[in-house]
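Asks: Before I ask anything, here is the structure I am working with.
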Amino acid sequence: MLKFDEKGLVAAIIQDAENGEVLMLGYVNEESLQKTLETGQVWFYSRSRQELWHKGETSGSYLNVRNIYKDCDDDALLLQVEATGPVCHTGNRSCFFRRLKEVTES
């Protein structure tokens, strides 16, 4: 059983099923998770619009689910997907393309 937060959400990390690249972070509620399980494509809950969001509906870049894992605390999901196009709204393959700081070994 998943532990949804006080807003009824769980973080969902989206990862490329083939190469392990982290593509994005989104949030799901019970309804969007159920739609994801039923359709095989990722549905999110948009915190800004406060509505369900079928990833790819407007862009054509769908996320086809290959595997879903939950973490050891039951409060986060890892969805391994096959993306049909760029995942980020900027047109980049991943939302994680801007380095905050380069870390070097000491």
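The values are calculated or read from the model by the stated rules, or taken from the named source; none is laboratory data. For clarity, every value in this text was computed on a predicted model and none was experimentally measured. All Cβ positions, even for glycine, are placed from backbone atoms using ideal geometry, and neighbour counts span all protein chains on display. With ligands, DNA and RNA removed, areas are computed over all heavy atoms of the protein, side chains included. Shrake-Rupley method; radii C 1.70, N 1.55, O 1.52, S 1.80 Å.
Asks: Show the residues, 5+ positions off or on another chain, whose built amide H is closer than 5 Å to the amide H of MET24.
Replies: Excluding prolines and chain starts, which carry no amide H, the hits are ILE14, CYS95.
Asks: Provide the per-residue ³J(HN,Hα) series for the range 34-39, in order, calculated from phi with Karplus coefficients 6.51, -1.76, 1.60 and θ = phi - 60°, each as a whole number of Hz, with x at glycine and proline positions.
Replies: Using θ = phi - 60°, the values come out as 4, 5, 4, 5, 6, 9 Hz.
Asks: For the chain, what does the helix formula give at 222 nm: sum of -39500 (n - 2.57) over DSSP H segments with n ≥ 4, over the residue count, nearest 500 deg cm²/dmol?
Replies: Computed mean residue ellipticity for the chain: -3000 deg cm²/dmol.
Asks: Build a GNM of the chain with springs between Cα atoms under 10 Å: which of GLN50, GLN80, GLN41 gets the top mean-square fluctuation?
Replies: Residue with maximal mean-square fluctuation among GLN50, GLN80, GLN41: GLN50.
Asks: Going by accessible area, probe 1.4 Å, with all protein chains left in place, what is the ranking of TRP43, TRP53, largest first?
Replies: TRP53, TRP43
Asks: Here is a follow-up. Just the accessible area for THR90, please: 1.4 Å probe, Å², rounded to the nearest 10?
Replies: Estimated to the nearest 10 Å², THR90 gives 80 Å².
Asks: Could you tell me which of the pairs LYS55/LYS101; LYS70/LYS101; LYS7/LYS101; LYS3/LYS35 are separated by over 24 angstrom between their Cα atoms in the structure shown?
Replies: Over 24 Å Cα-Cα: LYS55/LYS101; LYS70/LYS101; LYS7/LYS101.
Asks: Rounded to the nearest percent, how much of the accessible area of the chain (1.4 Å probe, protein heavy atoms only) is carbon and sulfur?
Replies: 47 percent
Asks: If DNA, RNA and ligands are ignored and the probe is 1.4 Å, what is the ranking of ARG47, ARG93, ARG98 by accessible area, most exposed first?
Replies: ARG98, ARG47, ARG93
Asks: Along the positive direction of the dipole of the range 30-104 (beta-carbon charges: Lys, Arg +1; Asp, Glu -1; about the Cα centre), which of ALA76, GLY40, PHE96 reaches farthest?
Replies: Sorting the options by dipole projection puts first PHE96.
Asks: Heavy-atom accessible area per residue, the range 52-93, 1.4 Å probe: how many Å²?
Replies: 57 Å²
Asks: Go through the cysteines of the chain and tell me which have no other cysteine Cβ under 4.7 Å away.
Replies: When partners are defined as cysteine Cβ atoms under 4.7 Å apart, the chain leaves CYS72 without one.
Asks: Calculate the dipole size of the chain relative to its Cα centre from +1 charges on Lys and Arg beta carbons and -1 charges on Asp and Glu beta carbons; express the result in debye to the nearest 20.
Replies: Using only the charged Cβ atoms, the result is roughly 380 debye.
Asks: If R₀ is 30 angstrom, what is the calculated FRET efficiency for the pair ASP73 and PHE96, using the beta carbon separation as r and rounding to 0.05?
Replies: 0.85
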